Amino acid sequence: MNHQNLRRCNDARYNSLEHDLAQEHLYDDRYVVIASVNHRLAGKEVVTLADLAQERWILSAPTSAISRQLHGVFEKHGLPRVRVTVETDSPALRLPVVASSDVLGYTWASVVRQAAPHLRFAELDVKELALSFPVGVVYRKDAYFSPIARRFIEILKSAARETGKVAK
């Protein structure tokens, strides 16, 4: 798959699919702002974008969909882009840094649930940033679709059902 096709697949969850792509919906996830349980905002019942504007963040690369989403919400509300202190595409690095420091993170709720047994986070309730998105498999309609690929999608659907992430 070339770079242009990969980009189209990544953007498909935010835009309508192109005519030559199909999507198997697995479940819906949502973005969450996370902080250490000791962070000054962790105890606040409601956190505003203005509260977050002066905070330091650890984020994925600026070209990633999740970073673009976060910056776009701040810009839409007339606020400056967030201050990124650490930039890494590794959740294995991002999550422990958030849990053990005063930087904030922006990630998927499912990632936080998976890390919860090992790391303690506070999810900050920020209504403008609690955006949901579909999780699925995108593939070309007109390309060869092997039996193994079909079986893989069925396994993914089964796993989504078993973990309670059933598509709505």
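Where a number appears in this text, it was derived from the coordinates with a stated rule and is not lab data. Computed from a prediction, not measured in an experiment: that's the story for all the values here. Cβ placement follows ideal geometry from the backbone for every residue including glycine, while neighbour counts extend to all protein chains displayed.
Go ahead and run the numbers for FRET between GLU18 and ARG83, Cβ-Cβ distance against an R0 of 41 Å, rounding to 0.05.
0.70
Arranged by the count of other C-beta atoms within 10 angstrom, fewest first, what order do SER146, SER60 take?
Working: SER146 9, SER60 21.
Listed from fewest to most nearby Cβ atoms, that is SER146, SER60.
Within the chain, what percent of beta bridges assigned by DSSP are antiparallel, to the nearest 5?
Numbers: 17 of 23 bridges.
Antiparallel bridges make up about 75 percent of those DSSP assigns within the chain.
Using only Cα atoms and rounding to the nearest 10 degrees, what angle (0 to 90) does helix 3-12 make with the longest principal axis of the chain?
With both axes taken from Cα atoms, the answer is about 70 degrees.
Using each residue's phi in segment 155-163, evaluate 6.51 cos²θ - 1.76 cosθ + 1.60 at θ = phi - 60° and report the 3J(HN,Hα) Karplus result to the nearest Hz, with x for Gly and Pro.
So the Karplus estimates, Gly and Pro as x, are 5, 4, 4, 5, 4, 4, 5, 5, 8 Hz.
How tilted is helix 65-76 with respect to the longest principal axis of the chain? Cα atoms for both, answer in degrees (0 to 90, nearest 10).
50
How much FRET efficiency would the formula 1/(1 + (r/R0)^6) give for GLU128 and ALA92, where r is the Cβ-Cβ distance and R0 is 41 Å, rounded to 0.05? Could the numbers behind the result be given before it?
On the way: r = 28 Å, r/R0 = 0.68.
The pair GLU128/ALA92 has a calculated efficiency of 0.90.
In the Gaussian network model of the chain, springs joining C-alpha atoms below 10 Å, which of ASP51, ASP102, ASP28 carries the largest mean-square fluctuation?
ASP51
To the nearest 20 debye, what is the magnitude of the charge dipole of segment 28-132 about its Cα centre, counting +1 on the Cβ of each Lys and Arg and -1 on the Cβ of each Asp and Glu? Don't jump to the answer; show the numbers that get you there.
Values: 12 positive and 12 negative charges, 24 e Å.
With only Lys, Arg, Asp and Glu charged at Cβ, the dipole is about 120 debye.
Calculate the radius of gyration of the Cα atoms of the chain to one decimal place, then report Dmax, the largest Cα-Cα distance, as a whole number, both in Å.
Radius of gyration, then largest Cα-Cα span, for the chain: 17.6, 53 Å.
Would you calculate a helix-derived [θ] at 222 nm for the chain, using -39,500 (n - 2.57) for each DSSP H run of n ≥ 4 and dividing by the full residue count, to the nearest 500?
Values: 6 runs with 59 residues, N = 168.
Dividing the helical sum by the residues of the chain leaves -10000 deg cm²/dmol.
Order 103-115, 78-90 from most to least packed using the mean count of other Cβ atoms within 10 Å. Let's see the in-between values first.
Values: 103-115: 19.2, 78-90: 13.4.
Packing order, densest peptide first, comes out as 103-115, 78-90.
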